[in-house]
Amino acid sequence: MSRIGRMPIAVPAGVTVEIAENNKVTVKGPKGTLERVLPSEMEIKMEGAEVLVSRPNDLKKMKSLHGLTRTLINNMVVGVTTGYSKKLEVNGVGYRAGKSGKKLTLNLGYSHPVEMEDPEGIETVVEGQNVIIVKGIDKEKVGQFAAEIRDKRRPEPYKGKGIKYADETIRRKVGKTGKK
């Protein structure tokens, strides 16, 4: 029983959901338009101001696709209404983030500054010198770009230097001690 897959997706006012053949779903809202081709086995239909997803049979593959399909559509609806954002923190002496135009410049203790271009549909905002906020309407792209920024200098366990998510906790280790 897919508890998530059975839940209807409420479509707020100002959002239109179109379902074309081969389960190509297009969601238009105040923040933009998202489209995605979903598994063709799932049956997606509009009923009033709700989207319902149903599966053809109870095979394991269908059960797993059921919840996934529903969540993907829900993420699209939330994306075009409120949008998604991820907050990253840059920790470390001399580690800084800066923004000029569409270019994000990171000083991370390397011999050169690391420059990253904002991908299409994604916007980065730098607050102060050590907080980066990645915003966009596509949850997948926001998470992916945030992960790519974090990969430039992952947090290390001894001093906690590096780029971490705001809600991430770093497991600290004790440094080595000298002999007596």
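The values are calculated or read from the model by the stated rules, or taken from the named source; none is laboratory data. From a predicted model like this one, the values you see are computed outputs, not experimental measurements. Neighbour counts run over all protein chains shown; Cβ positions are idealised from the backbone, glycine included. Heads up: the accessible areas ignore ligands, DNA and RNA and are worked out on the full protein's heavy atoms, side chains in. Shrake-Rupley method; radii C 1.70, N 1.55, O 1.52, S 1.80 Å.
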Residues located in the range 58-83, provided they are in contact with a Lys or Arg (Cβ under 9 Å, 6 or more places away or on another chain) and either open to solvent by 40 Å² or more (accessible area, probe 1.4 Å) or polar (S, T, N, Q) (or both): Lys63, Thr69, Asn75, Val78, Thr81, Thr82
With the condition kept exactly as written, say whether any residue in the range 36-52 is surrounded by 18 or more Cβ atoms within 10 Å (Cβ to Cβ), touching an Asp or Glu at 6+ places or on another chain (Cβ under 9 Å) and either more than 24 Å from Gly136 (Cα to Cα) or in contact (Cβ under 8 Å) with a residue 12 or more places away in the chain (or both). no
Restricting the range 84-113 to residues that are of a type in the set (Ser, Thr, Tyr) and closer than 22 Å to Pro157 by Cβ, the residue that is most open to solvent (accessible area, probe 1.4 Å): Tyr110
So which strands (runs of 3 or more DSSP E) stay within the range 1-109 end to end and still have 2 or more residues that are in contact with a helix residue (DSSP H, G or I) (Cβ under 9 Å, 6 or more places away or on another chain) and of a type in the set (Lys, Arg)? 84-91
Select from the range 14-35 the residues that are open to solvent by 90 Å² or more (accessible area, probe 1.4 Å) and farther than 17 Å from Gly83 by Cβ and write down the one among them that is nearest to the chain's Cα centre (by Cα). Glu18
Members of the range 110-139 found to be in contact with a helix residue (DSSP H, G or I) (Cβ under 9 Å, 6 or more places away or on another chain) and either among the basic types (Lys, Arg) or under 29 Å from Val25 (Cα atoms) (or both), listed by number: Asp118, Pro119, Glu120, Gly121, Ile122, Thr124, Val134, Lys135, Gly136, Ile137, Asp138, Lys139
Filter the range 127-169 down to residues that are open to solvent by less than 60 Å² (accessible area, probe 1.4 Å) and either touching a residue at least 40 places away in the same chain (Cβ under 8 Å) or not in a loop (DSSP other than H, G, I, E, B) (or both), then give me how many there are. 21
